[in-house]
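Each reported figure results from applying straightforward, stated rules to the coordinates on display, with no laboratory input. Because the structure is predicted, anything quoted here is derived from the model rather than measured. Neighbour counts run over all protein chains shown; Cβ positions are idealised from the backbone, glycine included.
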Amino acid sequence: MPVDRILERGIVIVDGIEVVRSVTIDAGIIEGIYEPGSEPPASERISCEGLYILPGVIDIHVHMRDLEQDDKEEFSTGTMAAAAGGVTTVVDMPNSVPPTITHKDLEEKIAIATEKRYVNVGFYAGIPSKIRHVEERLIPQILGFKVYPHTPLTEGTHYTKERLRECMKLSAEYGIPLLFHPASAEIDAKPKTHDDFFQLHSCENEVESLKQFLEIKAEFYESRLHVCHVSCGTTARILLEHRAEDTLTAEVTPHHLFLTGGEFSHDDGRAKMLPPLRSPYDNEALLQGLSSTCGIDCVVSDHAPHETFEKRLPFRDAESGIPGLETLLPLMLTAVFEDKISWLDYLRVCSSGPARILGITGKGVIAKGYDADITVVSRENWEIRGRDFHSKAKITPFEGQNVKARPVITIVGGEVVYSYGGFFADPGVVGRVPLRRLR
Ligand code: DOR
Ligand code: ZN
Ligand code: ZN
């Protein structure tokens with residue numbers, strides 16, 4: 001019996017080295033990796049000569065919006081952006097409108113995502129104001145709980161030390177990751193000036209918040225803490241000092257790696273996001289944390305779409321957040337091709353690392369028996385243009401930036417979803433809800 005599909009004679013990374021191999025897919029799974037000439041017969045052949053065959057990116061921090069914010073993004077447009085960006089799995093944050101807190105909220109979100117998705121979509125939930133109201137049946141369906149110290153998801157979820165302790169205990173009891181956005185818990189009012197914004201969201205506050213969490217975490221060794229979008233060099237250093245196996249993990253975004261606040265004028269809302277862009281010193285420290293010291297485990301887009309009119313405002317009034325699904329892979333592979341990141345680090349931070357952090361099994365590696373979630377990439381020069389995004393959000397601080405890699409074919413569960421600008425699967429046909437390995 002021929003296998004379903006063969007990706008023929010592409011460049012595969014084996015032990016950090018580029019080698020020419022063919023990858024076969026059968027029943028949605030990677031069937032094998034073959035030296036050219038030794039492949040089994042296949043029903044469909046896709047020539048990958050000169051192209052890279054890589055595991056699809058697993059982006060564990062995206063805001064898919066939809067529901068009452070479907071003008072900003074829907075599961076369809078958001079996951080089309082993912083597929084076009086070489087991202088085969090996204091994990092959606094719970095700060096939607098309405099927020100995802102109860103089992104019912106989640107079921108409703110899953111139903112919409114299932115109808116509209118083009119890639120795998122997993123979910124996080126927020127924690128109800130009374131911890132005892134956490135529904136046990138929700139826990140196996142989510143990949144983690146998200147904690148926002150600066151913007152409570154609902155009434156009464158302000159993060160006092162006592163509440164943090166209860167959240168950490170919850171994580172320890174169920175072995176479920178707690179994702180947190182380090183920020184001062186006092187922040188709520190809209191800052192009036194550009195300088196106020198930066199003072200409120202300073203590195204000092206990021207560090208203080210992290211230290212507070214780490215102190216409480218120490219009381220619950222078994223808890224799993226994942227630190228979202230580390231933006232300051234000092235934060236990366238503290239993380240490295242506190243790492244204990246996989247119970248403390250962290251992520252960084254491409255914008256905090258490759259952009260600095262000084263590049264944008266004070267009036268410009270395009271580059272407004274939380275946490276804000278920092279200094280060249282921070283860029284360098286984060287890149288080091290990601291590559292050589294391993295203080296940081298993964299790269300995420302923090303895809304946070306807003307409407308154009310909400311971003312084309314003076315900095316003070318603009319919404320925080322930028323689209324990132326279509327720029328993550330090109331930017332990270334540009335760093336690989338410019339020798340700033342090794343192949344092994346790229347594969348770890350973009351695919352296998354995120355799967356490991358959340359306990360997602362069978363994804364994130366090109367190897368026999370793994371899910372066939374694959375991106376085929378062309379090494380070519382092109383310029384980032386927001387208007388070409390599949391996301392509804394078109395305003396990017398990377399506008400006009402030259403990159404050296406382009407995802408050309410995206411395969412999810414063995415099916416070709418995206419190929420050279422076109423979509424080849426109907427919404428809802430491919431993808432599933434990835435789940436955690438339960439202990
Ligand atoms: O810039 C941001 N936008 N940071 C966040 O933490 C939330 C996000 C959003 O949902 O828009
Ligand atoms: Zn955040
Ligand atoms: Zn976010």
Report the gain in length on full extension from Asp317 to Thr361: 0.36 nm times residue separation, minus Cα-Cα distance, nm rounded to one decimal.
11.6 nm
Under 8 Å for C-alpha pairs, at least 6 residues apart: give me the relative contact order for the chain, rounded to a whole percent.
21 percent
Give the value in nm², to one decimal: projected area of the alpha carbon convex hull of region 315-439, averaged over all directions.
10.2 nm²
Hey, if you drop one equal point scatterer on each alpha-carbon of region 60-201 and run the Debye formula without solvent, what base-10 log of I(q)/I(0) do you get at q = 0.12, 0.18, 0.19 Å⁻¹?
-0.53, -1.07, -1.15
Express in whole angstrom the spacing between the alpha-carbon centres of region 368-436 and region 324-358.
14 Å
One checks the Cα atoms of region 75-137 and finds Rg and Dmax, in Å, of 12.9, 41
Euclidean distance of C-alpha centroids, region 212-243 and region 20-97, integer Å:
30 Å
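Test of the criteria: in region 196-257, which chymotrypsin sites (Phe, Trp or Tyr not before Pro) are in a DSSP loop and have at most 15 other Cβ atoms within 10 angstrom of their Cβ? Before the final figure, lay out each step's value.
On the way: sites: Phe197, Phe198, Phe213, Phe220, Tyr221; in loops: Phe220, Tyr221.
Taking region 196-257 and a limit of 15 other Cβ atoms within 10 Å, the loop chymotrypsin sites (Phe, Trp or Tyr not before Pro) found are Tyr221.
Given only helices, namely DSSP H runs of n ≥ 4 each adding -39500 (n - 2.57), what is the per-residue ellipticity at 222 nm of the chain, to the nearest 500 deg cm²/dmol?
Working: 12 runs with 112 residues, N = 439.
When only DSSP H runs of four or more count, the value is -7500 deg cm²/dmol.
Ratio of alpha-carbon Rg to the 2.2 N^0.38 Å globular estimate for region 244-381, to two decimals, please.
On the way: Rg = 16.4 Å, N = 138, 2.2 N^0.38 = 14.3 Å.
For region 244-381, the normalised Cα radius of gyration comes out at 1.14.
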For the residue pair Glu338 and Glu222, what label-to-label distance in nm results when each label sits 7 Å from Cα along the Cα-to-beta-carbon direction?
4.6 nm
In Å, descending, principal axis extents of the Cα set of region 283-335:
40, 22, 16
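What is the Cα radius of gyration of the chain over 2.2 N^0.38 Å, N being its residue count? Before the final figure, lay out the partial values.
Values: Rg = 20.7 Å, N = 439, 2.2 N^0.38 = 22.2 Å.
Against the empirical 2.2 N^0.38 Å value, I get 0.93 for the chain.
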Radius of gyration and Dmax for region 168-294's Cα atoms, expressed in Å?
15.2, 47
Label-point separation, Val429 to Arg237 (7 Å along Cα→Cβ), nm
5.3 nm
